[in-house]
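Below is one structure; the comments refer to it alone.
Coordinate-derived values only; no laboratory data. Since the structure is predicted, the reported quantities are computational estimates derived from the model, not experimental observations. Every residue, glycine among them, receives a Cβ derived from its backbone with ideal geometry; neighbour counts consider all protein chains shown.
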Amino acid sequence: MNHVKTYTVEEAMRAIERYCAYQERCHQEVNTKLYNMRMIPEAIDNIIVHLLKHDFLNETRFAQSYVRGKFNIKKWGKQRLKLELKKRDISKYNIDLALKEISDEDYFQTFETLAEKRLNAISETDKWKKRKKLADYLLYRGWESHLVYEKAAELIP
């Protein structure tokens with residue numbers, strides 16, 4: 001027999017508190033998790049209100065933490081960061097606030113380092129193909145196109 005665990009509102013609340021305490025979560029992740037725990041919409045709303053009131057769930061904090069992490073670890077540019085936060089229904093206000101977590105100096109330094117590192121990894125000999133490979137790599141990571149094309153032309157004259 002296929003037995004699905006059921007939760008009381010209290011059990012679900014404690015489980016979700018732990019889920020949120022472990023790492024920053026966005027509303028969407030919490031909603032999905034509660035839905036998958038088979039909670040009814042009314043219970044989901046009550047639990048989310050509780051999480052917000054007790055600061056387990058904070059969209060601003062989530063967005064800031066997300067931006068810092070993906071920028072520092074995955075070296076994502078602002079375009080990709082914005083897109084990924086939008087996918088998670090983060091408000092424009094919080095996206096703009098979160099992007100301020102990255103100083104211009106760090107942003108451009110990371111971009112320079114990433115571009116040079118990638119260039120050294122490309123074995124292509126044809127200048128144009130090499131430029132395209134570098135540009136594609138940087139664009140995929142969400143760096144602004146004007147930065148990408150200037151850098152590709154500069155590094156591969």
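Quick check, is Glu42 loosely packed, with under 12 Cβ neighbours inside 10 Å, free of Cβ contacts under 8 Å to residues at least 60 places away in the same chain, under 30 Å from Lys5 (Cβ atoms) and charged (D, E, K, R)?
So Glu42 fits the description; yes.
Give me a count of the residues in region 80-100 that are surrounded by fewer than 16 Cβ atoms within 10 Å (Cβ to Cβ) and touching a residue at least 24 places away in the same chain (Cβ under 8 Å).
Within region 80-100, residues that are surrounded by fewer than 16 Cβ atoms within 10 Å (Cβ to Cβ) and touching a residue at least 24 places away in the same chain (Cβ under 8 Å) number 3.
Looking at Phe111, Phe56, Phe62 in this structure, which one is more than 29 Å from Met13 (Cβ to Cβ) and among the aromatic types (Phe, Trp, Tyr)?
Just one listed residue meets the conditions, Phe111.
For the condition touching a helix residue (DSSP H, G or I) at 6+ places or on another chain (Cβ under 9 Å) and farther than 17 Å from Ile73 by Cβ, what is the one hit in Leu99, Leu114, Leu139?
Unique residue meeting the criteria: Leu139.
Looking at (1) in contact with a His (Cβ under 9 Å, 6 or more places away or on another chain); (2) under 27 Å from Arg118 (Cβ atoms), which is the one condition that is false for Lys82?
Exception for Lys82: condition (1).
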